[in-house]
1. Only one of these conditions is not met by Val137: (1) part of a strand (DSSP E or B); (2) surrounded by 23 or more Cβ atoms within 10 Å (Cβ to Cβ). Which number is it?
2. Taking Ala127 as the residue in question, decide whether it is small (Gly, Ala, Ser) and out of contact with any Ser or Thr (no Cβ under 6 Å at 6 or more places or on another chain).
3. Filter region 140-173 for residues that are among the charged types (D, E, K, R) and surrounded by 14 or more Cβ atoms within 10 Å (Cβ to Cβ) and give the result.
4. Which of the residues that make up region 24-50 are surrounded by fewer than 20 Cβ atoms within 10 Å (Cβ to Cβ) and β-branched (Val, Ile, Thr)?
5. May I ask you to list the residues in region 93-141 that are touching a residue at least 24 places away in the same chain (Cβ under 8 Å) and among the aromatic types (Phe, Trp, Tyr)?
6. For region 92-111, enumerate the residues that are under 18 Å from the mean Cα position of the chain (by Cα) and surrounded by fewer than 19 Cβ atoms within 10 Å (Cβ to Cβ).
7. Any residue at all in region 174-190 that's more than 16 Å from the ligand (Cβ to nearest atom), of a type outside the set (S, T, N, Q) and either surrounded by 15 or more Cβ atoms within 10 Å (Cβ to Cβ) or in a strand (DSSP E or B) (or both)?
8. Take region 152-173 and flag every residue that is within 16 Å of the ligand (Cβ to nearest atom) and among the hydrophobic types (A, V, I, L, M, F, W, C).
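Computed from the coordinates by the stated procedures, all read-outs in this text should not be read as laboratory data. Just so it is clear, the structure is predicted and the values come from calculations on it, not from any experiment. No Cβ is skipped: glycine too gets one built from the backbone with ideal geometry, and neighbour counts run over all protein chains shown.
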Amino acid sequence: MAVVLKSLPYSFDALEPYIDAQTMEIHHDKHHAAYANNLNAAIQGTALEGQTIEQILTNISAHPVAVRNNGGGFFNHNLFWEVMSPGGSKQPEGDLLKSMDAAFGSYQNFKEAFTKAALTRFGSGWAWLVKQGDSLVISSTPNQDNPLMDLAEVKGVPVLGVDVWEHAYYLKYQNRRPDYVNAFFNVINWDDVAKRFKG
Ligand code: MN3
């Protein structure tokens, strides 16, 4: 079965002024659509057509690089749209906050470490908050890799991710990745992150 590109769960301008409507439209309708289309082209007629995207990613080292790049891109952007929201809670709460405190000492320490991961990722990639059992760690990956992949340096379940490819911020922020990452914290949907953490 082919993967399907879902519509954004909110309008293109819903995350203004932090993420601009034009970036959201191009990012979803062009970039994310291309990952979905290219993934479908790469798996068409193969045994991978019968697998979920999670199954494909957890065994990614066995598959062609086009599946790695486009499968990662397809999954990562599905997550990215859902962990952002114009509404939702603005700070982590409950069990998620407890685990965050246990892992990093405080929300503020988490924010600093996550920001550092996003800013020090050289070139294109992602920064992640990753669930490992009941614990949390921060990592970053190049290109469209993610922590579900068997070849990831830090493996686990991604519960929050920020896209630091230039296509995610260049129209509004140009070279100012720090301003974009700082703005991202205003649109994180902690309710969705908590749901992923609960599993
Ligand atoms: Mn992207």
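1. (2)
2. no
3. Residues satisfying the conditions are Asp145, Lys155, Asp163, Glu166, Lys172.
4. Matches in region 24-50: Ile26, Thr46.
5. Phe104, Phe110, Phe114, Trp126, Trp128
6. Lys111
7. Within region 174-190 (the criterion being more than 16 Å from the ligand (Cβ to nearest atom), of a type outside the set (S, T, N, Q) and either surrounded by 15 or more Cβ atoms within 10 Å (Cβ to Cβ) or in a strand (DSSP E or B) (or both)), the answer is yes, since at least one residue qualifies.
8. Residues satisfying the conditions are Leu160, Val162, Val164, Trp165, Ala168, Leu171.
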